[in-house]
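Let me begin by presenting the structure, written as structure tokens, before commenting on it.
The values are calculated or read from the model by the stated rules, or taken from the named source; none is laboratory data. Small disclaimer: the values here were computed from a predicted structure and weren't measured. Cβ placement follows ideal geometry from the backbone for every residue including glycine, while neighbour counts extend to all protein chains displayed.
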Amino acid sequence: MTARIIDGKALAAVVREEVAEGVAALVAGGVPAPELAVILIGEDPASRVYVSNKVRQTEAVGMRSRRYLLGSDATERSLLELIEELNRDLAVNGILVQFPLPPHMDIARVVTAIRPDKDVDGFNPLNVGRIAAGMEGALVPCTPLGVMRLIKSVHQDIAGLGALVVGASNVVGRPMARLLLQELCTVSIAHIRTTDLERRCREADILVVATGVPGLIRGRFVKPGATVIDVGITRVASASGVDKLVGDVAFDEALEVAGAITPVPGGVGPMTIACLLANTLSAARMEAARRKAVEAETAV
Ligand code: GUN
């Protein structure tokens, strides 16, 4: 059996189109175009590329963007002050601080400082808690949100399916598991100390892998017909001398066993930024609804 290859690039284009239509509808209703503020600390070349892509794609769907570039020696206090200023700025709907942070900054303090209703990364503890409790109104981390869309492009209903998430990070693994649970999958999380990974993977109808270990998941780990989502993306030198991007799944092997599989690149990656745009639109819609409610109250 050769698996269906899930086209993340095409699905991301659909999401961007939906966002562009949503933005146009907001603006037609008299609401300013949503605005995303992106903060980058330091000179990490990969982060610079990600931030440029985020800004470019934000503007392409009709939203506004701001970019703040802080030196790698910027203090945590100066970052927190900037976040506070953006929290108060009525024109800003979304705030994103690009990771990784320099080692002298505390991730927990930074994500907690971002107003939950502008937290388009979904990392503020209030949003984390809302997702964990299955509450409405959460902004959901972009990569897991994109993965759910990819899974739903294959399955109409995933209730009752067995799902294994390999990797327990706060950015992907943990929120991913909570979203799958919300859809009534039977969910497990594997991590660095998990024993017998191969057997556990082989039991999963849905296998989501986010470890950053290239080729960790071999074809024999995959349950026949399973849906395999590869979040990993690692740059490796190839024999030709040109670097290539590889995932956590041995793609050619898994392709022969899985029912559906995401490629790397062109799978999860394009969906992450598309979902950031969707989150920024969601934040702007929620803000517009709040303002409308306040206006209606004060008009009485
Ligand atoms: N760096 C890598 N992935 C992410 C992400 O999803 N959000 C942020 N803010 N930084 C990242």
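Quick notes on this structure:
- Residue that is nearest to the ligand (Cβ to nearest atom), among those in region 171-182 that are aliphatic (A, V, I, L, M) and closer than 25 Å to Leu281 by Cβ: Val171
- Single unsatisfied condition, Ala168 versus (1) within 16 Å of the ligand (Cβ to nearest atom); (2) in a helix (DSSP H, G or I): (2)
- Any pair with Cβ under 9 angstrom, 6 or more apart, that starts in region 70-99 at a residue that is farther than 18 Å from Pro116 by Cβ and ends at one that is more than 16 Å from the ligand (Cβ to nearest atom) and assigned to a helix (DSSP H, G or I): Leu70/Ser78
- Check on Leu181, within 26 Å of Val213 (Cβ to Cβ) and touching a Gly at 6+ places or on another chain (Cβ under 9 Å): yes
- Residue within region 9-27 that is touching a residue at least 12 places away in the same chain (Cβ under 8 Å) and not in a helix (DSSP H, G or I) present: no
- When we screen Ile107, Ile95, Ile83, Ile41 for residues that are in contact with an Asp or Glu (Cβ under 8 Å, 6 or more places away or on another chain) and β-branched (Val, Ile, Thr), the only hit is Ile95.
- Which numbered condition Leu207 fails, given (1) within 26 Å of Val110 (Cβ to Cβ); (2) in contact (Cβ under 8 Å) with a residue 40 or more places away in the chain; (3) in contact with a strand residue (DSSP E or B) (Cβ under 6 Å, 6 or more places away or on another chain); (4) not in a loop (DSSP other than H, G, I, E, B): (1)
- Scan of region 33-70 for residues that are of a type outside the set (S, T, N, Q), more than 22 Å from Val110 (Cα to Cα) and surrounded by 15 or more Cβ atoms within 10 Å (Cβ to Cβ), ordered by number: Ala33, Pro34, Val61, Gly62, Met63, Arg64
- Meets criteria (at pLDDT 95 or above, in contact with a Leu (Cβ under 7 Å, 6 or more places away or on another chain) and surrounded by fewer than 22 Cβ atoms within 10 Å (Cβ to Cβ)) for Arg200: yes
- Complete set of residues in region 216-242 that are under 19 Å from the mean Cα position of the chain (by Cα) and not polar (S, T, N, Q): Val228, Ile229, Asp230, Val231, Gly232, Ile233
- Residue identified as out of contact with any Gly (no Cβ under 7 Å at 6 or more places or on another chain), small (Gly, Ala, Ser) and surrounded by 15 or more Cβ atoms within 10 Å (Cβ to Cβ) among Ser282, Ser240: Ser282
- Picking from residues in region 89-113 that are away from the ligand (no atom under 14 Å from the Cβ) and in a loop (DSSP other than H, G, I, E, B), the one that is nearest to Leu281 (Cα to Cα) is Asn93.
- Looking only at region 243-268, and only at residues there that are under 19 Å from the mean Cα position of the chain (by Cα), crowded, with 21+ Cβ neighbours inside 10 Å and not in a strand (DSSP E or B), the one that is nearest to the ligand (Cβ to nearest atom): Val268
- Only a single item in (1) touching a helix residue (DSSP H, G or I) at 6+ places or on another chain (Cβ under 7 Å); (2) among the β-branched types (Val, Ile, Thr); (3) more than 13 Å from the ligand (Cβ to nearest atom); (4) over 30 Å from Thr75 (Cβ atoms) is not met by Val140, and it is number (3).
- The residue of region 146-165 that is nearest to the ligand (Cβ to nearest atom), among those that are outside any strand (DSSP E or B) and within 18 Å of Gly232 (Cβ to Cβ), is Gly146.
- Odd one out for Gly219 among (1) under 22 Å from Val154 (Cα atoms); (2) at pLDDT below 95: (2)
- Of all residues in region 228-250, those satisfying the criterion of being without any contact (Cβ under 8 Å) to a residue 12 or more places away in the chain and aliphatic (A, V, I, L, M) are Ala237, Ala239, Val242.
- When Ala258, Ala210, Ala250 are checked against the criterion of being modelled with pLDDT of 95 or more, in contact with a Lys or Arg (Cβ under 7 Å, 6 or more places away or on another chain) and not aromatic (Phe, Trp, Tyr), Ala250 stands alone in meeting it.
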